[in-house]
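Heads up, the thing below is written out as C-alpha cells.
The values are calculated or read from the model by the stated rules, or taken from the named source; none is laboratory data. Just so it is clear, the structure is predicted and the values come from calculations on it, not from any experiment. Glycine gets a Cβ as well: all are built from the backbone with ideal geometry, and neighbour counts include every protein chain shown. Calculation scope for accessible area: heavy atoms of the full protein, side chains included, ligands and nucleic acids excluded. Shrake-Rupley method; radii C 1.70, N 1.55, O 1.52, S 1.80 Å.
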Amino acid sequence: MSTVRWDKATIGYEVPAISPPDAPMIALKRRAINPAIAIKWSDLLSTAAEVDEREALATFPKWLPTLHLRKRLERVSIEAVGSEMWRDGVLTLSETQHLVGMLSSGKSTLLLALLFLLIRPGYDKRVVVIASDTAAASLLVARLRAHGVLKATVISSIPNRAEHLSAAHWAAGGMESDSKLLAAAAMTESLGIACPLEGYQSAERELISRGEMDGETTFVPTLREKPCHRLVAPQKSKRSKTETLDTRDLRSCPLISMCPVHAQQMSLSDASVIVMTSQALLSMSPDKSVVEEHMSFPELFQYTADVVLIDEADSVQQTFDDHCLQDASLLAADSGAFLPEHQRLMANSLQDRLGGQYAKAVTVRWQAAFSRLQGAVALAYHFILRFEKDLLWTTRGQPFTAASILCDLWSTANPGENEERRAYFEQVAILASSLYSEVADEQDTQDTPQGLTDDRLLAAHAFLKPIQRELLERGTDSGEGSPLEKIAKAMNEGPLSMFSTSAQTGQSKLRRKSIPNDDTARSRALGLALLTNVVLSTFGYLVRNQPAVEDDFKLAPDSIFNTARRFMMHYGAIIPRPLYGTVFGLLFEQGADENAGGALKLVNHLGVGRYLLTNFHRLIQKEGQAGPHVLLMSGTSWAGGEAADASPRYDVQSPVVGILRQPTAELQALENSIYEFVSLSDTPIPVSGCPSDVRRDNLRRIARLLGQSNPAGTRLEQKWKVLEQSWGAGSLINRRKALLVVSNYRDARVVANALMTAAGVKHTVYCLVADSVAKADGFAHEQAKEAEAYGQNLVLLPRSRVETFGDAPDGAILIAPIGPISRGHNIVRSDGCAAISTIYFLHRPHPRPDDIQSIVGCVNRFTMEWINKSRPGQDSISTAGKTFERKARFALDDGFALRRSFSIMPARARTQYSWDLITQLWQTIGRGIRGGVPVYVGFVDERFAPQTFAGNPNAETQASSCLMACMRTLDTAMHSQEVRDLASRLYQPFLQGLQQLFPLAKRG
Ligand code: SF4
C-alpha cells in the first residue's frame, strides 16, 4: 500500500502488483542546424486537392464541415518583402518568419495546407500548431484523425480536463442529431478522465490523516488531486516499529503509461502533430515520466519539433506577455488569496504534527518571515485606509512600489528635466531597494546599498533603515518621537529634505497637483513606501525559500509562490528579466462596501513573454541547439513596425517577410463600404469615460433608439433598405444581420435587454456570453449573481459557438464585447461571405486606468528593441545595464501615459494608442468583410469624435477624436517610403473608411 498526501487529507492507496509497459520516453534530438524546408506551391495545391478528395468520400465524417481547401488555396497570393521566403513558386520555411495578410486573405487556408503537406511522406516533419482554444485544438486533431493522421494529439491541462471534456460534449450537442455521438466521440478521444488506480481501491478507502477532512464522510479526489507523482511508500521505523511517511521519497503511479488521463503526454514521443493553446504551451510542462529532465514545452520543442505554426500571432504575443504577469491576491475575497490560505494550511499542519516542524531552523525562519509579511500587509492596509486622502495619488488604480513612491516624492520636490536629474532619479530607486536588510533576518539580504553613491541619499539611507523597523512596531502613531513624526521632521530640515516641497515657492511648486505639498502628508507616503518595501522584499524571500518548507507546512502546490518559482525554473534562463527586479508592485483595489477595505494584489512581472514568440527558433541556441522553424501569421501583427510609436501591445517585433494579398475584386468590393457617425438623438450620447451607472443608462438609451420602430420599420430595418439600394438588389440576402459592439459582457447584457424590449418581435436579439455562463444556464446563473438578469427571450450565444450566428434568421442582432468578437471564428453565409452587414460601435475602446497591459506592453517592447538592436562599441555590461534601466524607466512612463484620458495624452502615446485601436477596430470590422463584401460601420459613442457630434466638424483634431488620430496614423504610415506598401496592403480599406468620417480633414 502507498499513501498520498493532498491538501485535505492523507489517504491510503492499494497499488496493484502489475507491470504495465514503461512510459514511452521522448528522444531529445540534438541538432546544430535545422535545415530550411523548401515547399513548392504546386505541391501545396496537390496536397489540398488530396485533402478535398478524402473529404468527399462517403466514409469521411459528415459532421466535419468540408474544407474545399484547393479552391481556397488557389485564391491565396503571396508577395515577398525583401526576403527569400517566397520566390519562383517556392515557399521556404527558415527560422522565424512573419507573414501578414489582410483579414480574409487566406491565412488559415495556408496554415492548413502547410500542415497537411509537412506531415506527408517525403516531408515527415513534426509540427506544433498553436490553436485559439482547446475546442479548436480538439476539432483540428479530430479532422487530422479522420484523414488517417493517427499520430496527432491535443495537449491540454489535466486540472482543466473536466471542463474541456464538458465543453467538447456541449459543442457536439449543438450539432445535428445524427452527428452528435460521432462528433462527441471524436472530439473527446484524447480528453480522458478515468483514473485506473481508483479501480483497484476498496470501497472503504483508508484515511491515514484527516487534516481538512474533519466532518466530511466521503471524499473523491479530483483530477488535480490524483496521486500520479505523489505516492509515498510507508516505512517501518526501526525503533518504534510504527509506520512513517518520508515525503521526500515521492513515487509515480505505476499505471501512468496506460492511464487515459495521461494519454496525451504518452503520445508525445511519436506524435507528428501536436496542437495546443498558447496558454497550455506556457503553463504546462512535459510529464516527468516521458522526459528525463524537467523542462518546459518551448524547451522540449527545441529538440522535437521541426515547424511551429502560429496564427493570430499578435494575440499570442499578448497571451505570452500576460502569462509573465502574475496578478496574485495577498488578501482578497477570492478563495486561495495567499495570506488567509497559507495561514489556514500552516495552522492545520502545525496542529497535525504538534509543532514537530520547528525541529528545523529553516521552518522557524520561514514562519518568522511569513509573520512579518502579515504584519507589514496589515500596516499597509492601515496606512491606506487611515490616510486615504493623503495617499490616493499613489494607491488609486495603479501598482506602487517603494521606488515609485520615493521617485514621485523626489521628482515633485525637484522639478526639471535633464540628464543630471535622471541620474539622481536612479539613485533614489537604488535607495528604495536597499532598506530591507535592517528588518530582515535572512542571510541573503545585503547590508550595504550597492551603487548608492550620492552623499545625501547615503545619509537618507542611514536615517531610514532604523525608521523602517520602528514603523513596523509603532505603525501610524504620529505622537512625539514616533517614526512618522521623525520622517516629517527629517523632511523639513534633515536628511530627507530632498523629498520635501517646503523650500519651493510659486510656479515651481506642485507640478503634479494630486501629490500633497505638506510634509505631514508626504511623510505618510514615505511611510507607505517603507512598508511596501517590506511586503515586496519579504514576499521575494518567501518565494525563494518555499521549497524548503512546503512539505512540512503542507502548502498548496499551486500557490502563487510556486507558480512564480515554477515559471522562473522553466523560463528564468531563456527569457529576459524585466525592469525593477521581478516585482511591479502592490495594487490596492477599493472594496465596493464602505465598511470593507479592499483587495491587495501583488503584480509580479516575471519576464518578457513576447521574447518566446519571435525567438522560438533559437531559445537554447547558446547550447548549440537549433530550434524549429516558426511561421507567424496575422492580419494585424504589423501595427507600426519599427517606429518608436508603434502599437506596444499588438505589433510583433519580427520583420515582415511576406504579405498575403487580397484578390483585387474583393478589394474593389470593400471600397463600397460605408462608415459614418450615428447621432441617435438631438444631444450626443457619451459612453466611454462615464461612471458605470451613467454609461449603462446611456447604453440602454442607445439600444432603445436603435430598436424602436416607426411605420418605416426599426432604424436597423431602414438602414438595411438604404444599404441594399446602395450595394444593389440581392446584396443583403442572408446578410440582414447586425453586430452591436460594447466593451464587456455585462454591458452586452444591458444593451441586449433594452434592445429586445424596444424591438419586440422585429429583431431576434442574440447576446454573446462566456461559455461557462451558457453551460450553467445563463438565465438562472446570472439571475443569482447579478441584479439584472438576461431577458427570457434573448438568445444566449456562447463564445465558442459564435460562428453559428451566420445561420441566424435575417433581422438578427448580436450584441458582443469587442475582445471576444474581434478574433477567431468566422461568421459567414453558406457561400463563405460575411453574414453580418452592419456593425455599430457603441463604446470607444480605451484602456482602464488600472489596466497594466499597456505598461507591460511598453516595457516589453522596449526590452525587445534593446535586444534586437546591435550596439557596437558599447562600453561594458555594466554600462549597458545602466543605460537599459534608465531607458526602460522611460518606457514605463510611456505605459502610464497610455492610460491617461485621450484628450491629455502626449502625442507619442496618442499614436501608440491609435495603433492599438486600429487593430481592435479593424479585426472587429473583419467580421463583416470576409469573402470580399462591403460593410456598414456606425460609430455611436460621442467620445469617438466629440466636435463632430457637437456639429463642429471643422474643430475636430486628432487630440479630440481617436478615429481622426487613427486616420492620421494610417495616413502617415502610407506616406512613409519604408512601410507604405505594407501599411496599404493591410489597412488601406480601413483608411478609406475613416476618411469618409472626416471629409473636411486635409489629406497627408
Ligand atoms: S497516473 Fe492515472 S491511474 Fe495513476 S493516479 Fe494518476 S490518474 Fe490515476
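A Cβ distance below 6 Å, combined with a sequence gap of six or more or placement on separate chains, defines the contacts here; from the range 136-151, residues that are under 15 Å from LEU118 (Cα atoms) reach residues that are of a type in the set (Ser, Thr, Tyr) in the pairs LYS151/SER272. Checked against the criterion of being within 19 Å of PHE301 (Cα to Cα) and either touching a residue at least 40 places away in the same chain (Cβ under 8 Å) or touching a Gly at 6+ places or on another chain (Cβ under 6 Å) (or both), the candidates LEU114, LEU73, LEU99, LEU44 yield just one match: LEU114.
Among the residues of the range 263-272, the one identified as part of a loop (DSSP other than H, G, I, E, B) and surrounded by fewer than 21 Cβ atoms within 10 Å (Cβ to Cβ) is SER272. Summed over the range 610-635, residues that are assigned to a loop (DSSP other than H, G, I, E, B) and either among the aliphatic types (A, V, I, L, M) or out of contact with any strand residue (DSSP E or B) (no Cβ under 8 Å at 6 or more places or on another chain) (or both) total 6.
Applying the set (1) outside any helix (DSSP H, G or I); (2) touching a residue at least 40 places away in the same chain (Cβ under 8 Å) to GLN992 leaves exactly one unmet item: (1). Inside the range 119-138, residues that are more than 23 Å from the chain's Cα centre (by Cα) and open to solvent by 20 Å² or more (accessible area, probe 1.4 Å) make up a count of 8. Residues in the range 658-684 that are out of contact with any Asp or Glu (no Cβ under 6 Å at 6 or more places or on another chain) and over 30 Å from VAL979 (Cα atoms): VAL678, SER679, LEU680, SER681, ASP682, THR683. Selection of the range 12-23 for residues being closer than 30 Å to GLU623 by Cα and open to solvent by 50 Å² or more (accessible area, probe 1.4 Å) yields only ASP22. So ALA271 passes all but one of these: (1) within 16 Å of the chain's Cα centre (by Cα); (2) more than 16 Å from the ligand (Cβ to nearest atom). Which condition number does it fail? The one condition ALA271 does not meet is (1). Looking across the range 172-192 at every residue that is assigned to a loop (DSSP other than H, G, I, E, B) and loosely packed, with under 15 Cβ neighbours inside 10 Å, the one that is modelled with the highest pLDDT is identified as GLU176. Looking only at the range 103-135, which residues are assigned to a helix (DSSP H, G or I) and aromatic (Phe, Trp, Tyr)? Once the filter is applied, which keeps residues that are assigned to a helix (DSSP H, G or I) and aromatic (Phe, Trp, Tyr), the range 103-135 yields only PHE116. For the range 239-262, indicate whether the set of residues that are surrounded by fewer than 14 Cβ atoms within 10 Å (Cβ to Cβ), at pLDDT below 85 and within 16 Å of the ligand (Cβ to nearest atom) is non-empty. Checked against the condition, which is being surrounded by fewer than 14 Cβ atoms within 10 Å (Cβ to Cβ), at pLDDT below 85 and within 16 Å of the ligand (Cβ to nearest atom), the range 239-262 yields no hits at all.
Which one is surrounded by the most Cβ atoms within 10 Å (Cβ to Cβ) among residues in the range 466-486 that are among the hydrophobic types (A, V, I, L, M, F, W, C) and within 16 Å of HIS382 (Cβ to Cβ)? So that I can check it myself, show each step before the final result.
Step one: of the range 466-486, the residues among the hydrophobic types (A, V, I, L, M, F, W, C) are 467, 471-472, 484.
So of that shortlist, the ones also within 16 Å of HIS382 (Cβ to Cβ) come out as 471-472, 484.
Working: LEU471: 27, LEU472: 17, LEU484: 23.
Looking at residues that are among the hydrophobic types (A, V, I, L, M, F, W, C) and within 16 Å of HIS382 (Cβ to Cβ), I get LEU471.
In the list SER514, SER523, SER537, which residue meets the criterion of being modelled with pLDDT of 85 or more and of a type in the set (Gly, Ala, Ser)?
Working: SER514 fails: modelled with pLDDT of 85 or more; SER537 fails: modelled with pLDDT of 85 or more.
Exactly one of SER514, SER523, SER537 is modelled with pLDDT of 85 or more and of a type in the set (Gly, Ala, Ser), namely SER523.
For the range 395-413, the candidate set comprises residues that are outside any helix (DSSP H, G or I) and crowded, with 17+ Cβ neighbours inside 10 Å; within that set, the residue that is modelled with the lowest pLDDT is GLN398.
Could you say whether any residue in the range 345-358 is closer than 30 Å to MET491 by Cβ and modelled with pLDDT of 80 or more?
First, pick out the residues of the range 345-358 that are closer than 30 Å to MET491 by Cβ: none.
Taking every residue of the range 345-358 in turn, none turns out to be closer than 30 Å to MET491 by Cβ and modelled with pLDDT of 80 or more.
What helices (runs of 4 or more DSSP H) lie completely within the range 287-394 and have 3 or more residues being more than 30 Å from GLY857 (Cα to Cα) and of a type in the set (A, V, I, L, M)?
Details: elements: 297-304, 313-323, 338-353, 361-386.
So the answer is 338-353, 361-386.
Cβ-Cβ distances below 9 Å connect the following pairs, each with a first residue in the range 353-369 that is among the small types (Gly, Ala, Ser), a second residue that is in a helix (DSSP H, G or I) and open to solvent by less than 100 Å² (accessible area, probe 1.4 Å), and a separation of six or more residues or different chains: GLY356/LEU350; GLY356/ASP552; ALA369/THR538; ALA369/TYR541; ALA369/LEU542; ALA369/ASN545.
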